[in-house]
Amino acid sequence: MSSPSAIDHPGGDPEVLRVVAKKKSRRAVFILFVVLLLAAAGVGFAVWKTRSTTTQSAQYQTQKVERGDLRVTVTATGTLKARSTVEVGAEITGRVLQVHVNFNDKVTRGQVLAEIDTETYEARVEEAQAQLTAASAKLQNAKATAHEAKLKVDRGSATVAQGLLAQQDFETLEANHARAKAEIVSAGAQVTLAQASLKVAKTNLSKAVIRSPIDGVVLNRAVEPGQTVTSGLQTPVLFVLAADLGELQLNVQVDEADVGSVREGQEATFTVDAYSRQTFVSKVLAVKNMPTTGTTVVTYEAWLSVDNEKRLLRPGMTATATVVVDERKNVLLAPNAALRFNPNRRRENVGSQGVSVDQFLPTTRRGPSQNKRAPGGSGGPREPALWLPTGAEPKRVTVEVGPSDGIRTEIKSGEINEGTEVILAAVEAPRG
């Protein structure tokens, strides 16, 4: 009976067995290499065939050029404010005795808002009045003295002529008269000073009664009866008044990229969070030249008029305004996606429903042509163009574009008419 070693390996010689095994291993490696080479060739052929089929079966999503109206807008945010706001403060120091109004109260010009204790200021008026009385009496005394001195000079003049009065004594009389007239001037100045002091005292007394300088509404009240207010370098604000809440002002911050398009008199609309479903009409009043510099952007403040006759809006509300900076009537309009399309550019993310990712790329208000690049990726700008689906290869038509609203762009010139079909994107045709 033969052993298993003799049956599996004829001859049973170990050297022979080693040589035979080595030859089998080389043959297996060679066969594996041939199989992998054939597989790679098959994959390459399949990819080439797929690309060729895709190219041959390429289809285009198109849309017709339409004629219509185009409205170009700029969006900005800001805050509602009263057209005319007045801060009313206390110009004197004292204790507040009474406050006659509260916030939201309507007031008229001259109406009393609050009163400050007048005891000290009444005393100052009396003091100033007394000083004026004393100065006036001194003035009268000086005038009487001057009159007496003049009479003595007149009598002395006649006596000197008769030789009854010495010349030296007469000169003394003249000097006394001159001093009396100087006393009149000094006393008159004291009277003027006392009158001014009295006027200041009366003015301060009148300021103890705080009155409204305008017709309007009390927006805020910052004082209570019994409170002591101190007037120093800065007048303490007691009330904030708005002239008329029926007319407000919207101050918005316009981006520096858009401020060149915003001008006085342009129509605008805005919305506020309190009435999210309602749109309010407005108009640009002015655009400031002074910039507002932030951390990353530069903006310019624009003022918009607001009609608040229904009193729905309130100062301080945040609003989003849309300013109409350009409006075109009955012009040719092409989709921005068509101006972005380029058959030579690599297409990415093409879906089975015929929608290209190019359709969702952002566009600017100034028109898509400004962001175009030259074919081949050179980075330089190229003329805007539309592609027409003519035959196997699309036809490129150079056009001149106008403003854009971010979705459509005005076509000013070129071989484009109303109803012309333009390519939006390339899509894959379904294969059977």
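Every number here is computed from the coordinates shown, using simple stated rules; none is lab data. Predicted, not measured: the structure shown is a model, and the values here were computed from it. Glycine also receives a Cβ, built like all others from the backbone with ideal geometry; neighbour counts cover every protein chain displayed.
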Next on the checklist: Let me check I've understood the local charge: for Thr203, count other residues with C-beta under 11 angstrom from its C-beta, Lys and Arg +1, Asp and Glu -1. What total comes out?
Outcome noted: +3
Item to check | Rg to Rh, two decimals, where the stretch 83-232 supplies the alpha carbon set and Rh follows Kirkwood | outcome: 1.39
Checklist outcome for this item: Fewest to most Cβ atoms within 10 Å: Tyr275, Tyr60 sort as Tyr275, Tyr60
Checklist entry - Each label point is 7 Å from the Cα along the Cα-to-Cβ direction; what then is the distance between the points at Val281 and Leu38, in nm? => result 8.2
Checklist entry - Counting only residues 5 or more places away or on other chains, whose amide H sits under 5 Å from the amide H of Val298 once H atoms are built in the peptide plane? => result Glu256
Item to check | Residue-count net charge about Glu264 - beta-carbon cut-off 12 Å; Lys, Arg +1, Asp, Glu -1 | outcome: +2
Checklist outcome for this item: Computed D for the stretch 118-207, Stokes-Einstein, Kirkwood radius over alpha-carbon pairs, 10 °C, 1.306 mPa s, to the nearest µm² per second, is 105
Item to check | Cα centroid of the stretch 214-252 to Cα centroid of the stretch 152-207, whole Å | outcome: 53
Checklist outcome for this item: The answer for the net charge of residues other than Leu193 whose Cβ lies under 12 angstrom from its Cβ, with Lys and Arg +1 and Asp and Glu -1, is +2
Next on the checklist: What distance in nm lies between label points placed 7 Å from Cα along the C-beta direction at Leu165 and Gln59?
Outcome noted: 13.5
Checklist entry - Among 195-204, 112-121, how do they line up from the highest to the lowest mean number of other beta-carbon atoms within 10 Å? => result 112-121, 195-204
Checklist outcome for this item: Checked against a 25 Å limit on the C-alpha separation, the offending pairs among Lys81/Lys329; Lys181/Lys202; Lys64/Lys283; Lys106/Lys310; Lys329/Lys395; Lys64/Lys329 are Lys81/Lys329; Lys181/Lys202; Lys64/Lys283; Lys329/Lys395
